[in-house]
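Please read the structure below before turning to the comments.
No lab work stands behind these numbers, since they all come straight from the coordinates. The shown structure was predicted, so the numbers you read here are calculated from the model rather than taken from an experiment. Positions of Cβ are backbone-derived with ideal geometry, glycine not excepted, and every protein chain shown enters the neighbour counts.
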Amino acid sequence: MRLLLIILIVIESHLQVAAGEYERFEANGKIGLKDSDGSIVLPASFDALGWSDGNFSVAGQITGYRRNNRWGLLNLKKQFITPAQFESLTYPGGDRVIVSKFINAYTIKFGSIDLQGKVAIPYEYDDITLHSLRAVVMIKKGVRYEYGLVDQSNRSILPLEFKEIRPIGSLRYAVQNFEGMTALCSEEGKWVTDFIIDQISDFHFDLAIVQKGWQRGLIDRSGVMRIEPQYREISITGPGQVSVRKADQWKIIDTQNQELSTLEGDDLLFDNPDFGRITLDGKTGLVDGTLKTYWLPSYDYVGKIEN
């Protein structure tokens, strides 16, 4: 799979031509295309050239065009690959284009086509994001957005039943359920971990930072927890190198310098002798005069506690 990915990257680098090799020009309110020598490649007969998100590139001698408020594909030989029939036309790289079109008078759906105009993923989704050999797809169910994962031919990898799916590098996906918990999954749909993670970062040097509550640890691509979540901060600084920081500790001591109680937090402010506001990882809670937790640090804001 790694070899296939490397080959794909090489292919993509040949497919996409830098926009600087071509220049769009305007004449009589229409858009055309010139090459770097100033020769006209496409006459000024289009409402727009490039992609519906405003970007411009040429992929394998192919780009997008707009006529009558619809988009289509054409090549630099002035041949139309598709009619102007799409509501949107975006190019994420590789040999696929994300398109949307009206299915009926009220419904727009997304799919993907290849650079020859052949439908790869049918128009049945409310959103599509392509990531290398996979596509994160979404459908709306009432007010809920449900995500799944398919391959470039629309073969289901993960069903449409998750709150979020995002690539985090190294052929891995972070998948969040509707209970707010995250699991690590391979691009083949194999679960690397259970739904035991609050948050997970992208992979760097085959390691990712995981978070449970305010505590952070490290996990590898195989799902092995290299460092259990126990630190306030972790940074991956290089191969096999990390820096960590524990949370600050607040203590109450007596006049003989004996420790009576201790509490971890980023900041502690006593507005009066009975209650203090404790802040940890951007969240605030309340403790009493002995540092016993009264409200867990789970609020965005807690006002001053008056006497």
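Here are the numbers:
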quantity	calculated
Cβ-placed point charges (K, R +1; D, E -1), dipole of the range 217-268 about Cα centre in debye, nearest 20	320
Pairs of lysines in the range 56-200 (C-alpha under 29 Å apart; 8 or more residues apart or interchain)	22
Listed residue (197, 170, 287) projecting farthest to the positive dipole end of the range 149-307, Cβ model	170
Long-range amide H partners of residue 112 with built H, under 5 Å	99, 120, 121
The range 157-171 - phi-based ³J(HN,Hα) in whole Hz, Karplus 6.51/-1.76/1.60, Gly and Pro as x	9, 10, x, 7, 8, 10, 6, 7, 9, 9, x, 10, x, 6, 6
Long-range amide H partners of residue 271 with built H, under 5 Å	277, 305
Per residue convex hull volume, Cα atoms of the range 171-307, in Å³	127
Check: the chain dipole with +1 on Lys, Arg Cβ and -1 on Asp, Glu Cβ, in debye	1220
Value of relative contact order over the range 163-268, rounded to a whole percent, pairs C-alpha under 8 Å and six or more apart	13
Per-q log10 I(q)/I(0), the range 230-307, q = 0.14, 0.18, 0.20 Å⁻¹ (Debye; single scatterer per alpha-carbon; no solvent)	-0.54, -0.76, -0.87
For the range 102-110, Karplus couplings with θ = phi - 60° (6.51, -1.76, 1.60), whole Hz, Gly/Pro x	6, 8, 9, 5, 10, 10, 10, 10, 9
Residues in the range 280-295 reached by a label modelled at residue 212 [backbone nitrogen below 17 Å; 7 Å Cα→Cβ]	none
Distant-in-sequence amide H partners of residue 88 (H built 1.01 Å from N, under 5 Å)	100
Among 92, 273, 122, residue whose mean-square fluctuation peaks in a GNM of the chain (springs only between Cα atoms under 10 Å)	273
Which of 82, 58, 234, positive extreme of dipole for the chain (C-beta unit charges)	82
Shape call, the range 129-183: gyration tensor on alpha carbons, a/c limit 1.5	oblate
Low-density loop cleavage sites - trypsin sites (Lys or Arg not before Pro) in the range 90-149, where at most 10 other Cβ are within 10 Å (DSSP)	118
Between helix 2-15 and the chain: long-axis angle, C-alpha atoms, 0 to 90°, nearest 10	50
Along principal axes, Cα extents of the chain, largest first, whole Å	88, 46, 43
Simple label model, 7 Å out from Cα along Cβ direction - residue 198 to residue 246, nm	1.9
Mean separation of Cα contacts under 8 Å (6+ apart) over length of the range 220-307, as relative contact order %	16
Percent RCO, i.e. relative contact order, over the chain, from Cα pairs under 8 Å lying at least 6 residues apart	6
Only Lys, Arg (+1) and Asp, Glu (-1) charged, at Cβ; the range 33-191 dipole about Cα centre in debye	280
Potential lengthening between residue 305 and residue 67 on full extension [0.36 nm per residue; Cα-Cα distance subtracted]	79.4 nm
